[in-house]
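What follows is a single structure, written as structure tokens, with notes after it.
The values are calculated or read from the model by the stated rules, or taken from the named source; none is laboratory data. Note that the structure is predicted; figures quoted are calculated from it, not measured. Cβ coordinates were reconstructed from backbone atoms using ideal geometry, including for glycine residues, and neighbour counts include every protein chain displayed. For accessibility, only protein heavy atoms count, side chains too; no ligands or nucleic acids. Shrake-Rupley method; radii C 1.70, N 1.55, O 1.52, S 1.80 Å.
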Amino acid sequence: MAEYVTLTYEGRSYQLPVIEGTENERGIDILRLRTDTGFITYDPGFANTGACKSGITYMDGEKGILRYRGIPVEELAERSTFKETSYLLINGRLPSDRELRNFSIMLNDHSLVHEDMKTFYQNFPRLSHPMGILSSMVNALRSFYPELQVTEEEINFTVTRLLAKVRTMAAMSYKISRGHTVVYPRPDLAYSENFLNMMFNTPVKPYEFIKEVVRALEVFWILHADHEQNCSTTAVRVVGSGRVNLYAAISAGMSALWGPLHGGANQAVIEMLSDIHASGGDYRKAVERAKDKNDSFRLMGFGHRVYKTYDPRAKIMKRMCDNLLEALNLADPLLDIAKELEEVAVKDPYFVDHNLYPNVDFYSGIVLRAIGIPTNMFTVMFAIGRLPGWIAQWKESMDDPQWRISRPRQIYTGPLETHYVPMSEREPS
Ligand code: SDX
């Protein structure tokens with residue numbers, strides 16, 4: 001492999017080092033570009049820009065590959081738990097039996113939320129979006145837990161505390177938004193069971209665990225656990241680069257995830273399918289609108305910055321829809337519409353030419369509906385799943401000797417130098 005690329009401009013040549021990753025992807029190292037050449041690069045949306053070196057998640061968008069710490073997501077979805085996958089992402093390896101038991105104990109010991117936080121929840125307007133509540137409350141954790149986050153032990157404690165509390169905070173926002181009694185976490189329940197119990201247990205009707213539902217939630221969270229340098233992870237890294245506390249960096253990631261082009265797409269998909277269903281099920285009209293450049297409508301749940309083939313997570317999620325609905329003896333007309341929509345779209349030249357395939361959000365909402373999660377909490381579910389990935393990426397950036405405060409440059413296109421004009425001399429409008 002050539003160790004350099006040569007940049008030639010106006011008779012001058014500059015050599016820029018080439019760096020290569022463990023999966024042979026190559027990058028041009030421009031650490032000294034401006035110093036040596038006076039040039040910067042220009043790449044809105046960073047589609048061609050590597051922001052960091054990372055050993056956490058590997059994606060191959062052309063082949064539809066996704067691996068966490070080298071392990072294919074298909075194997076983890078089949079054989080692991082969300083708790084074990086979280087440990088893998090954050091610590092870089094699968095835990096021993098003792099380590100996993102200690103991790104479980106820590107997650108249970110810190111799953112309660114400070115009682116004073118309930119006052120915060122009760123003062124949000126009743127129709128507040130759960131993502132706005134969750135990102136605010138995660139940021140507020142700093143006020144309740146101002147401990148240092150310097151030593152490895154302090155950081156690990158804070159990380160485990162956040163993983164433990166996020167599901168309690170999510171369930172609390174749901175219960176309080178409905179004016180229901182808050183259900184507290186139970187030490188005898190595992191991570192996903194605890195969340196389901198806090199969400200759906202009521203004094204008059206104890207929640208009944210169905211193993212297929214519990215497993216579907218585990219797999220849902222495993223599939224969302226990390227996805228290398230996506231929008232919200234980039235937000236966590238950028239905000240974290242200012243050396244702010246973990247809670248603030250994660251709160252920024254949650255805000256980024258909320259957008260309908262990112263994690264908010266799972267809610268937008270169900271709203272789109274519901275609209276199609278309500279208007280008689282004419283999914284072909286949605287496909288035509290998505291192709292119309294004069295129409296801002298997009299086929300939500302389709303397309304991806306990296307995957308130019310089927311998102312491997314969507315394949316698993318689609319199978320899970322069928323298995324879960326069969327186990328619950330449920331039929332969801334939105335699943336039928338989704339399948340028909342996919343069948344038409346993936347054969348349509350526009351979608352084929354643009355490499356647009358279902359992404360993780362296309363079928364995930366059907367799974368969440370079957371579990372009983374309200375639509376406005378779908379992105380909260382994505383956030384709980386992505387939390388271990390955000391934490392792993394934040395920790396990796398904090399330990400990266402090349403990681404500096406994020407401060408991109410720009411190509412200025414504003415006015416040349418001009419001068420202040422006193423009000424008396426300005427043109428009347
Ligand atoms: C997630 O990055 C990650 O890893 C994200 C994620 C994760 O796990 O963190 O995978 C989670 O966010 C999945 C994506 C969820 N969003 C959606 O489903 C929203 C719908 N999809 C899009 O808006 C879009 O595909 C994006 C946002 C996902 C990707 O946008 P890009 O890479 O910036 O692509 P683009 O908007 O520049 O589109 C390229 C072309 C355009 O056409 P042209 O102008 O070139 O002719 O493809 C078209 C777009 O109009 N296009 C679509 C489309 N997505 C792209 N046309 C119709 N419907 C769509 N869904």
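Among the residues of region 163-176, those identified as more than 12 Å from Leu112 (Cβ to Cβ) and either among the hydroxyl-bearing types (Ser, Thr, Tyr) or surrounded by fewer than 21 Cβ atoms within 10 Å (Cβ to Cβ) (or both) are Ser173, Tyr174, Lys175, Ile176. Which of the residues belonging to region 137-162 are among the hydroxyl-bearing types (Ser, Thr, Tyr), surrounded by fewer than 17 Cβ atoms within 10 Å (Cβ to Cβ) and part of a helix (DSSP H, G or I)? Matches in region 137-162: Ser143 only. When Glu62, Glu84, Glu78 are checked against the criterion of being more than 18 Å from Arg161 (Cβ to Cβ), open to solvent by 50 Å² or more (accessible area, probe 1.4 Å) and either of a type in the set (S, T, N, Q) or not in a loop (DSSP other than H, G, I, E, B) (or both), Glu78 stands alone in meeting it. Here is a check on your reading of the model: is Arg93 open to solvent by 20 Å² or more (accessible area, probe 1.4 Å) and in a helix (DSSP H, G or I)? So Arg93 fails the test.
The conditions are (1) on the phi < 0 side of the Ramachandran plot; (2) of a type outside the set (Val, Ile, Thr); (3) in contact with a Pro (Cβ under 8 Å, 6 or more places away or on another chain); (4) open to solvent by less than 30 Å² (accessible area, probe 1.4 Å), and Met272 fails exactly one of them. Which is it? For Met272, the failing item is (3). If you go through region 34-45 one residue at a time, do you hit one that is within 24 Å of Met398 (Cα to Cα), surrounded by 11 or more Cβ atoms within 10 Å (Cβ to Cβ) and among the hydrophobic types (A, V, I, L, M, F, W, C)? The answer is no, given that none of the residues of region 34-45 is within 24 Å of Met398 (Cα to Cα), surrounded by 11 or more Cβ atoms within 10 Å (Cβ to Cβ) and among the hydrophobic types (A, V, I, L, M, F, W, C).
Candidates Asp295, Asp332, Asp348, Asp353: the one that is more than 11 Å from the ligand (Cβ to nearest atom), open to solvent by 10 Å² or more (accessible area, probe 1.4 Å) and more than 24 Å from the chain's Cα centre (by Cα) is Asp332.
Scanning region 312-319 for residues that are in a helix (DSSP H, G or I), near the ligand (Cβ under 9 Å from one of its atoms) and either open to solvent by 20 Å² or more (accessible area, probe 1.4 Å) or in contact (Cβ under 8 Å) with a residue 12 or more places away in the chain (or both) turns up at least one hit.
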